[in-house]
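In what follows, a single structure is set out as structure tokens and then discussed.
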């Protein structure tokens, strides 16, 4: 700890090293909390849509009761260019779309919570959030019928924040603290294929 005196006031400065050369234990724990919390957001969405726990999805519309996890959201897209609206309407409720969406939610959630496969989870998060951003198209202030779109920020919204969070978690090896990241990274298949980290 370095002490610098300025007049009658003493300032205490922690030693700061160049970026990339140090991650404090406190910062690693904060990243672990962020990782687990973010993972739980995705896992909860998967569980609620699958079992219809009544938070965002009522039981009658749950996936196990024959509901589609994508139909309601994608079929109501009314923002963005017309071709984009048509695209989302056409894939709404499609079994392939439902399975890809639900597998993404489950995979991202489990990977972040467990701290394994962080690079794949980060890539999947970016793709999923980009698709959802396009579906909500926050650049539009109004929908196709002239009603307010509900967009609060055309650039940096929760889709962007989740995508950046996934990237930061992967790049900082956030799965090594309070997760299975170190064990996962030591596996021979992961050692040979570093993209699996």
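The values are calculated or read from the model by the stated rules, or taken from the named source; none is laboratory data. Quick caveat: nothing in here was measured; it's all calculated off a predicted structure. For neighbour counting, all protein chains shown are included, and Cβ atoms are generated from backbone atoms with ideal geometry for every residue, glycine included.
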For the structure I just gave you, tell me whether residue 52 is farther than 21 Å from residue 158 by Cβ, in contact with a helix residue (DSSP H, G or I) (Cβ under 9 Å, 6 or more places away or on another chain), at pLDDT 95 or above and buried (at least 16 other Cβ atoms within 10 Å of the Cβ). yes
All-but-one check, residue 93 against (1) part of a helix (DSSP H, G or I); (2) touching a helix residue (DSSP H, G or I) at 6+ places or on another chain (Cβ under 6 Å); (3) farther than 27 Å from residue 194 by Cα, failing number (1)
Name, by its number, the condition in (1) closer than 19 Å to residue 42 by Cα; (2) under 15 Å from the mean Cα position of the chain (by Cα); (3) surrounded by fewer than 19 Cβ atoms within 10 Å (Cβ to Cβ) that does not hold for residue 116. (3)
Expected output for region 86-105 (first residue on the phi > 0 side of the Ramachandran plot, partner modelled with pLDDT of 95 or more, Cβ below 7 Å, 6+ apart or cross-chain) is 93/68; 93/70; 93/71; 93/75
Does at least one position in region 160-178 carry a residue that is at positive phi and crowded, with 17+ Cβ neighbours inside 10 Å? yes
Among the residues that make up region 133-156, is at least one of them out of contact with any strand residue (DSSP E or B) (no Cβ under 8 Å at 6 or more places or on another chain), surrounded by fewer than 13 Cβ atoms within 10 Å (Cβ to Cβ) and part of a helix (DSSP H, G or I)? no
Is it fair to say residue 167 is within 30 Å of residue 82 (Cβ to Cβ) and part of a helix (DSSP H, G or I)? no
Output the residue which, of all residues in region 147-167 that are within 17 Å of residue 117 (Cα to Cα) and without any contact (Cβ under 8 Å) to a residue 60 or more places away in the chain, is nearest to the chain's Cα centre (by Cα). 163
Scanning region 24-35 residue by residue, those part of a helix (DSSP H, G or I) and surrounded by fewer than 19 Cβ atoms within 10 Å (Cβ to Cβ) turn out to be 25, 26, 27, 28, 29, 30, 33, 34
Tally, over region 184-193, of residues that are part of a helix (DSSP H, G or I) and either under 12 Å from residue 117 (Cβ atoms) or touching a strand residue (DSSP E or B) at 6+ places or on another chain (Cβ under 6 Å) (or both): 4
Among the numbered criteria (1) more than 17 Å from the chain's Cα centre (by Cα); (2) touching a residue at least 24 places away in the same chain (Cβ under 8 Å); (3) part of a helix (DSSP H, G or I); (4) closer than 24 Å to residue 151 by Cβ, which one does residue 69 miss? (3)
Quick one: in region 86-110, of everything that is over 11 Å from the mean Cα position of the chain (by Cα) and crowded, with 21+ Cβ neighbours inside 10 Å, which residue is farthest from residue 163 (Cα to Cα)? 88
Right, residue 177: over 18 Å from the mean Cα position of the chain (by Cα) and within 19 Å of residue 74 (Cα to Cα) or not? no
